[in-house]
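Taking it in order: structure first as structure tokens, then the write-up.
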């Protein structure tokens, strides 16, 4: 459930920093209550990435989201989660269909 929470929900904790990194990405860092941090980076091509670091500042999860030209609803076309540590794995999700619902 932590992976699902990381992918789909706003990070817990306040923003503690933001700025632009060498590759041109804009990054915002959140401090989580457990001492971990989550960086959210937006790249120039519209892709974005989440990176979760342990309290010891070791990368534990990375989520890369690629924009899609196939849909008008604004949903990403591909989402890739990589878990690091004792249980390393990768989860790749590809959008099959997106339909925008009018409010």
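Roughly speaking, what is the stretch gain from residue 99 to residue 77, that is 0.36 nm per residue apart minus the C-alpha to C-alpha distance, in nm to one decimal?
Full-extension gain reported as 6.6 nm.
Out of 91, 66, 50, any idea which swings most in a Gaussian network model of the chain, alpha carbons joined below 10 Å?
91
Among 20, 49, 80, determine the one that fluctuates most according to a GNM of the chain built with springs between C-alpha atoms less than 10 Å apart.
20
Mind giving me the nanometre distance, one decimal, between the label points for residue 91 and residue 23, set 7 Å out from Cα along Cα→Cβ?
It is 2.3 nm.
Apply the a/c threshold of 1.5 to the C-alpha gyration tensor of region 2-94 and tell me whether it is rounded, prolate or oblate.
oblate
Would you mind computing, in nm to one decimal, how far apart the modelled labels at residue 34 and residue 60 are, each placed 7 Å from Cα along Cα→Cβ?
0.4
Hey, what number do you get for the chain at 222 nm if only DSSP H runs of n ≥ 4 count, each worth -39500 (n - 2.57), divided across all residues, to the nearest 500?
-1500 deg cm²/dmol
Only the coordinates and a few stated rules stand behind these numbers; no lab work does. Values in this document were obtained by computation on a predicted structure and should not be read as measured data. Counting neighbours? That spans all protein chains shown, and the Cβs are built from the backbone with ideal geometry, glycine included.
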